[in-house]
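*Asks:* Please read through the structure below; I'll follow up with questions.
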Amino acid sequence: MEYGIIGRSDGGFYRYQGWPTVCIDENGVLYVACSGNRLGHLCTYGKNFLYKSFDGGKSWTPPMIINDTKLDDRDAGLTYLGDGKLLLTYFCHPWQFYDGSRQWINGYTDAVTLPMATGLMDGYANLSEEDNAYGSFVRLSRNYGNSWEKAVKVPVSAPHGPIKLKNGKLFFFGKEFHSDDPEMEGGAIYAFESDDEGSTWTKLCMVDFPDGLTRKNMHEPHAIELPNGRILGAIRAQGEGVPHGFSMYLCHSDDGGRSFTHPTCLGVSGSPPHFMLHSSGALILTYARREAPFGERAMISYDGGKTFGDEIVLSTAYIGDLGYPSTVELPDGSLLTAYYERYKDDKFTSILYTKWTLDEIK
């Protein structure tokens, strides 16, 4: 395996980066979106960054800033639609979310940044309704990420965004997040589709909660369309009643996402999920382990997600603030998995990658 850096800041106050997604275009160009320019895991300063690599991940451009709202621009999903079109997903909490939990200020500030962070929170009381436009959003680029159209609010959120189906539609497997739809159940997992590149969305179904669990346990889903048309979904689960307190539940749909089977637990320690289908037919599930031993993990299925092989260690870490790995296949059949972790003994997390092959883990 080969390890490398996508984005790392080694100076200044705003060095924390997290929650990346990687995708690749028809020319082999790699794109990674994330949330950067942060004081820490929880703060109000986040911006959405976009990195590009034109040489298979050997080098990366400086980050382009896509979003820099008055709020915290978080969890960046990225989907390549073809013909130079990229779809970015992200979300913003309302400022009151941070005002109600000001402990983040003490957790991520020092003598220099404390007055700045405190002053910012005090100033949020004067924020206009327009600038407090919180929720989950998508933005479309038609020119390989060089410019972006206006944000469109969507009813659900997921860290790696929607997928493109073989019929050309977008399928979004996500968690309700500050939706404007009064008929949606707050915090539930839903399936949506779009036939206009994310401008409008149609609700397909709500997914059952696993036995004994509620919306407080179920978060951050991802889905993939298999060659036979089945849509396989995985959902982050956490809290009491979940194996290891942090795992994933699987479900599937054989009717285009209009209904899903009752979710069942995969049982491994780690989450949230990301699926990727390799040209060999291997289904790759990546996720992060947040109990010792910490790090990024993968499992492979050769039967469409019915069973998975042994856990594969993609990275090791010494602290549990990490994860959200996603994977793409490079032109030579090798794999690149992007995630966030601390680089060596840094005090802040960076966007890193592991390059690997299916042959080396057999």
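The values are calculated or read from the model by the stated rules, or taken from the named source; none is laboratory data. All of these numbers come straight from a predicted model, not from anything done at the bench. Note that we place each Cβ from the backbone using ideal geometry, even for glycine, and neighbour counts take in every protein chain shown. Ligands, DNA and RNA are stripped out before the accessible areas are found, and what is left, the full protein with its side chains, is counted by its heavy atoms. Shrake-Rupley method; radii C 1.70, N 1.55, O 1.52, S 1.80 Å.
*Asks:* Out of curiosity, is Trp60 closer than 18 Å to Glu341 by Cβ, touching a Phe, Trp or Tyr at 6+ places or on another chain (Cβ under 9 Å), buried (at least 24 other Cβ atoms within 10 Å of the Cβ) and at pLDDT 95 or above?
*Replies:* Values: closer than 18 Å to Glu341 by Cβ: yes; touching a Phe, Trp or Tyr at 6+ places or on another chain (Cβ under 9 Å): yes; buried (at least 24 other Cβ atoms within 10 Å of the Cβ): no; at pLDDT 95 or above: yes.
The answer is no for Trp60.
*Asks:* A further question on this structure: So which of Tyr324, Tyr343 ends up being modelled with pLDDT of 95 or more and farther than 20 Å from Asp75 by Cβ?
*Replies:* On the way: Tyr324 fails: farther than 20 Å from Asp75 by Cβ.
Of the residues listed, the single one that is modelled with pLDDT of 95 or more and farther than 20 Å from Asp75 by Cβ is Tyr343.
*Asks:* Which count do you get for residues in the range 89-142 that are under 20 Å from Ser35 (Cβ atoms), among the acidic types (Asp, Glu) and modelled with pLDDT of 85 or more?
*Replies:* Selection size over the range 89-142: 1.
*Asks:* Select from the range 116-137 the residues that are outside any loop (DSSP other than H, G, I, E, B) and among the hydroxyl-bearing types (Ser, Thr, Tyr) and write down the one among them that is nearest to Ser179 (Cα to Cα). Steps first, please.
*Replies:* Keep residues of the range 116-137 that are outside any loop (DSSP other than H, G, I, E, B), which gives 116-126, 135-137.
Okay, now just the ones that are also among the hydroxyl-bearing types (Ser, Thr, Tyr), so 118, 124, 136.
Values: Thr118: 30, Tyr124: 22, Ser136: 8 Å.
Going through the qualifying residues, I end up with Ser136.
*Asks:* If you don't mind, there's one more thing I want to ask. When you look at Lys47, is it of a type outside the set (Phe, Trp, Tyr), open to solvent by 20 Å² or more (accessible area, probe 1.4 Å), at pLDDT 95 or above and in contact with an Asp or Glu (Cβ under 6 Å, 6 or more places away or on another chain), yes or no? Talk me through it step by step, then tell me what you get.
*Replies:* Details: of a type outside the set (Phe, Trp, Tyr): yes; open to solvent by 20 Å² or more (accessible area, probe 1.4 Å): yes; at pLDDT 95 or above: yes; in contact with an Asp or Glu (Cβ under 6 Å, 6 or more places away or on another chain): yes.
It is true that Lys47 is of a type outside the set (Phe, Trp, Tyr), open to solvent by 20 Å² or more (accessible area, probe 1.4 Å), at pLDDT 95 or above and in contact with an Asp or Glu (Cβ under 6 Å, 6 or more places away or on another chain).
*Asks:* While we're looking at this one, here's another question. Would you confirm whether or not the range 215-222 contains a residue that is touching a residue at least 12 places away in the same chain (Cβ under 8 Å) and over 16 Å from Met248 (Cβ atoms)?
*Replies:* Taking the range 215-222 as the starting set, the residues that turn out to be touching a residue at least 12 places away in the same chain (Cβ under 8 Å) are 215-222.
The next check asks that each one be over 16 Å from Met248 (Cβ atoms); those that pass are 215-216.
There is at least one residue in the range 215-222 that is touching a residue at least 12 places away in the same chain (Cβ under 8 Å) and over 16 Å from Met248 (Cβ atoms).
*Asks:* Also: Please give the number of the condition Gly241 fails out of (1) open to solvent by 60 Å² or more (accessible area, probe 1.4 Å); (2) of a type in the set (Gly, Ala, Ser); (3) modelled with pLDDT of 95 or more.
*Replies:* Here Gly241 meets the rest and fails (3).
Yes/no matrix, rows are residues, columns are (1) open to solvent by 10 Å² or more (accessible area, probe 1.4 Å); (2) closer than 30 Å to Ile300 by Cβ:
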residue	(1), (2)
Ser136	no, no
His160	no, yes
Ile189	no, yes
Thr202	yes, no
Gly212	yes, yes
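*Asks:* Separate question: What are the residues in the range 238-291 that are over 16 Å from Gly320 (Cβ atoms) and touching a Lys or Arg at 6+ places or on another chain (Cβ under 6 Å), if any?
*Replies:* His252, Asp254 - these are the residues of the range 238-291 that are over 16 Å from Gly320 (Cβ atoms) and touching a Lys or Arg at 6+ places or on another chain (Cβ under 6 Å).
*Asks:* Check off (1) modelled with pLDDT under 95; (2) surrounded by 13 or more Cβ atoms within 10 Å (Cβ to Cβ) for Leu314 and give me the number that stays unchecked.
*Replies:* (1)
*Asks:* Here is a follow-up. Inside the range 1-36, can you point out the residues that are modelled with pLDDT under 95 and crowded, with 16+ Cβ neighbours inside 10 Å?
*Replies:* Residues satisfying the conditions are Ser9, Phe13, Tyr14, Arg15.
*Asks:* Determine which member of the set Ile235, Ile224 is farther than 14 Å from Ala188 by Cβ, open to solvent by less than 30 Å² (accessible area, probe 1.4 Å) and modelled with pLDDT of 95 or more. Walk me through how you get there before you give the answer.
*Replies:* Numbers: Ile235 fails: farther than 14 Å from Ala188 by Cβ.
Answer to the selection: Ile224.
*Asks:* List the residue pairs whose Cβ atoms are under 9 Å apart, where the first residue sits in the range 148-168 and is modelled with pLDDT of 95 or more, the second is acidic (Asp, Glu) and surrounded by fewer than 17 Cβ atoms within 10 Å (Cβ to Cβ), and the two are 6 or more positions apart or on different chains.
*Replies:* Close Cβ pairs satisfying both conditions: Lys153/Asp180; Pro155/Asp180; Pro155/Asp181; Asn167/Asp195; Gly168/Asp195.
*Asks:* Inside the range 213-258, can you point out the residues that are among the β-branched types (Val, Ile, Thr) and either under 16 Å from the mean Cα position of the chain (by Cα) or in a loop (DSSP other than H, G, I, E, B) (or both)? Spell out how you get there, then give the answer.
*Replies:* Looking only at the range 213-258, we keep the residues that are among the β-branched types (Val, Ile, Thr), and these are 214, 224, 231, 235, 242.
Thr214, Ile224, Ile235, Val242, listed by residue number.
*Asks:* Between a residue in the range 118-142 that is of a type in the set (Phe, Trp, Tyr) and any residue that is part of a helix (DSSP H, G or I), which pairs come within a Cβ distance under 7 Å, given they are 6 or more apart or on different chains?
*Replies:* Tyr124/Trp95; Tyr124/Asp99
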